[in-house]
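*Asks:* Below are the structure tokens for one structure; questions will follow.
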Amino acid sequence: MPDDADADAASRQRQHVSSSYSAVASKEGSCCVSVSPSLVGYSASDLSLSGVAGANLGVGCGTPVRLASLKPEESVLDLGCGAGVDCILAAQEVGEAGAVVGVDMTQDMLAKARENSKHLPNVKYRLGEIEHLPATDGEFDAVISNCVINLSPEKDKVCREMFRVLKPGGRIAISDVVSKTDFMPEHLRTAEALAC
């Protein structure tokens, strides 16, 4: 069980991530280096879909929708959905009979996501943290995440939550960054550095 100091550090990191991404949503700044959508795997047809231009803020690091091999009529949960780019792409894969739910901890991102996907009746958004998902047990066929889990100070809780909300036989598709070593320079151990 984490002690009070660990809980305080996790809370500070979560707050910094939330503030940083709220600023990204309102175009007041960017906490990350924005990359070309084609470099992380988005195709020209992906980028031409309605709503994608406003939803792609360039803070992802891959294309989890491609990894998930989504099928028509499936239900999908997007962790840390941001402005909704992967929700829009997932909606195309699952079709109108499928369902896509995006979860984000920032109201600003959710407002942007709702605006970007207002033309898609099968996409909904929920406010919440990925360590405490606002979802029922066994609700989804697939869980996707695009460069978000690395931002969590409690990755073990995120993993437990993903498995909790999956239906039996469900799958997880993650695009993220991972360190191959335990060493992390001191200047990268701050809440500000960890938020990106």
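*Asks:* Please work out which one of (1) within 13 Å of the chain's Cα centre (by Cα); (2) of a type outside the set (K, R); (3) over 14 Å from V52 (Cα atoms) is the condition N122 fails and give its number.
*Replies:* Only one criterion is unmet by N122, namely (1).
*Asks:* So which residues in the stretch 42-58 are open to solvent by 30 Å² or more (accessible area, probe 1.4 Å), modelled with pLDDT of 70 or more and assigned to a loop (DSSP other than H, G, I, E, B), if there are any at all?
*Replies:* Within the stretch 42-58, S43, L49 qualify.
*Asks:* Which condition number does V76 fail, the rest of (1) open to solvent by 10 Å² or more (accessible area, probe 1.4 Å); (2) in a strand (DSSP E or B) being met?
*Replies:* With (1) open to solvent by 10 Å² or more (accessible area, probe 1.4 Å); (2) in a strand (DSSP E or B) applied to V76, the lone miss is (1).
*Asks:* Got at least one residue in the stretch 103-113 being in a strand (DSSP E or B) and either more than 18 Å from R164 (Cα to Cα) or open to solvent by 10 Å² or more (accessible area, probe 1.4 Å) (or both)?
*Replies:* yes
*Asks:* Let me ask another. Identify the single condition in (1) at negative phi; (2) in contact (Cβ under 8 Å) with a residue 24 or more places away in the chain that G82 does not satisfy, given that it satisfies every other one.
*Replies:* Condition not satisfied by G82: (1).
*Asks:* Looking at C61, C81, which one is modelled with pLDDT of 65 or more, in contact with a strand residue (DSSP E or B) (Cβ under 9 Å, 6 or more places away or on another chain) and either farther than 23 Å from L120 by Cα or β-branched (V, I, T) (or both)?
*Replies:* After applying the criteria, what remains is C61.
*Asks:* If you check every pair at least six apart or on different chains, which have Cβ atoms under 6 Å apart with a residue in the stretch 92-121 that is in contact (Cβ under 8 Å) with a residue 12 or more places away in the chain first and a residue that is among the small types (G, A, S) and open to solvent by 50 Å² or more (accessible area, probe 1.4 Å) second?
*Replies:* What qualifies is D108/S26; H119/S50.
*Asks:* Tell me which residues, restricted to the stretch 93-102, are small (G, A, S), open to solvent by less than 70 Å² (accessible area, probe 1.4 Å) and not in a strand (DSSP E or B).
*Replies:* Initially, the stretch 93-102 is screened for residues small (G, A, S), giving 95, 97-99, 102.
Within this subset, residues satisfying the condition of being open to solvent by less than 70 Å² (accessible area, probe 1.4 Å) are 95, 98-99, 102.
Residues satisfying the conditions are G95, G98.
*Asks:* Among the numbered criteria (1) surrounded by 14 or more Cβ atoms within 10 Å (Cβ to Cβ); (2) in a loop (DSSP other than H, G, I, E, B), which one does K157 miss?
*Replies:* (2)
*Asks:* Return the residues of the stretch 160-173 that are open to solvent by 50 Å² or more (accessible area, probe 1.4 Å) and within 20 Å of L89 (Cβ to Cβ); say none if nothing qualifies.
*Replies:* Selection gives R171, I172.
*Asks:* Filter the stretch 114-142 down to residues that are over 19 Å from I172 (Cβ atoms) and in a strand (DSSP E or B) and give me whichever is most open to solvent (accessible area, probe 1.4 Å).
*Replies:* The selected residue is K124.
*Asks:* Report yes if V17 is modelled with pLDDT under 95, closer than 16 Å to N150 by Cβ and open to solvent by less than 20 Å² (accessible area, probe 1.4 Å), otherwise no.
*Replies:* yes
*Asks:* Would you check if there is a residue in the stretch 168-183 being in a helix (DSSP H, G or I), modelled with pLDDT of 90 or more and closer than 25 Å to Q15 by Cα?
*Replies:* Going residue by residue through the stretch 168-183, those that are in a helix (DSSP H, G or I) are none.
No, every residue in the stretch 168-183 fails to be in a helix (DSSP H, G or I), modelled with pLDDT of 90 or more and closer than 25 Å to Q15 by Cα.
The values are calculated or read from the model by the stated rules, or taken from the named source; none is laboratory data. Keep in mind that this is a model prediction, so the values were computed, not measured. As a convention, Cβ positions derive from the backbone with ideal geometry for all residues, glycine included, and neighbour counts pool all protein chains shown. These accessible areas exclude ligands, DNA and RNA; they are computed on the full protein's heavy atoms, side chains included. Shrake-Rupley method; radii C 1.70, N 1.55, O 1.52, S 1.80 Å.
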